[in-house]
Amino acid sequence: MNLQAWIDKGYELMIDYGPKLIMAIIIWFIGSWIIKIILRGIRKTLEKGEYDVSLKKFLLNLISWALKIVLIVVVLGTVGVETTSFAAILAAAGLAIGLALQGSLANFAGGVLIMLFKPFKVGDLIQAQGELGTVKEIEIFTTKLKSPDNKEIILPNGVLSNGNITNFTSHDTRRIDLVFGVGYDSDIKATKEVLMNQLESHPKVLKEPAPLVALSQLADSSINFNVRPWVKTEDYWPVYYELMESTKQALDAAGIEIPYPHQVEIRKQG
């Protein structure tokens, strides 16, 4: 093929593909500009929502790649490349990856849901999946808890997001539920006064909601009283232990018996 033939071939290609190539370049630059605007808007939205930093980065990267793939497919289609097979390959690859990483994807989805809806945050005391602990770290795939005896508990986010979660520290106040049983010979009014005095005299028991003392059960060997003080969440366990001790001492001082099993020693005669 002589030089003139090459020139003629090049001219034909330029005539056939030149406008398409120019259009593809224009679409690429305009599409890239639109993607930046979209990502900027999504970033501002995520920042207003105060979402987790790792979640924001991951979502931005995921959306960015998805938009860029769409843009590439559009550009290739503009040039004249058959994109049907290309899209089919992407779909097949996505399906294969999804099946291979089914468990991980479920944990990822659970992590996204936890970070979006925030049923708990770092520092909260929660009970979930039969485990109790303080949230130490929330990651994309797992959540780490620290148990009361300082063990690390790692829970997959998939089952965590789909199960029951009890958050003990989501509110500023908590109610302490105590039960004290006294003997049937005890005066009900005097017992209630002793119990209520313990609540009203404790500096960390809140005035509102008002504490409650009520006779709750006539048991086989005792009269049981429900004692319900409200405290700040951070004061729950200190007040719990202090009331258990001080109330026992107050009942003893008032001569009010807390019944307990007695062992009777039987001696044989002879």
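Quick look at the values:
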quantity	calculated
Test for Glu234: is it assigned by TED's automatic domain parsing to the domain that holds Val182, surrounded by 15 or more Cβ atoms within 10 Å (Cβ to Cβ) and under 20 Å from Arg174 (Cα atoms)	no
The stretch 28-40 residues that are in the same structural domain as Ala66 (by TED's automatic domain parsing) and under 16 Å from Leu62 (Cβ atoms), paired with ones that are assigned to a helix (DSSP H, G or I) and basic (Lys, Arg) (beta carbon under 7 Å, 6 or more apart)	Ile35/Lys68
Residues (under 30 Å from Pro19 (Cβ atoms) and modelled with pLDDT of 80 or more) located in the stretch 59-72	Ser64, Ala66, Leu67, Lys68, Ile69, Val70, Leu71, Ile72
Leu243, sole failed condition from (1) free of Cβ contacts under 8 Å to residues at least 60 places away in the same chain; (2) assigned to a helix (DSSP H, G or I)	(1)
The stretch 44-58, residues that are under 20 Å from Phe108 (Cα atoms) and modelled with pLDDT of 75 or more	Leu46
Tabulated pairs, the stretch 135-148, first within 10 Å of Ile114 (Cα to Cα), second of a type in the set (A, V, I, L, M, F, W, C) and assigned to a loop (DSSP other than H, G, I, E, B), C-beta under 7 angstrom, 6+ apart or interchain	Ile138/Val122
Selection status of Gly77, part of a helix (DSSP H, G or I) and at pLDDT below 80	yes
Strands (runs of 3 or more DSSP E) lying entirely in the stretch 125-165 (those with 2 or more residues that are of a type outside the set (Ser, Thr, Tyr) and modelled with pLDDT under 90)	131-138
Given (1) surrounded by 13 or more Cβ atoms within 10 Å (Cβ to Cβ); (2) part of a loop (DSSP other than H, G, I, E, B); (3) touching a residue at least 40 places away in the same chain (Cβ under 8 Å), index of the condition Val205 fails	(3)
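Rundown of residues vs (1) crowded, with 18+ Cβ neighbours inside 10 Å; (2) in a loop (DSSP other than H, G, I, E, B); (3) polar (S, T, N, Q), yes/no style:
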residue	(1), (2), (3)
Val213	yes, no, no
Thr247	yes, no, yes
Leu251	yes, no, no
Gly255	no, yes, no
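The values are calculated or read from the model by the stated rules, or taken from the named source; none is laboratory data. Note that the structure is a prediction, hence the values are computed from the model and not measured. Virtual Cβ from ideal backbone geometry, glycine too; neighbours counted across all protein chains shown.
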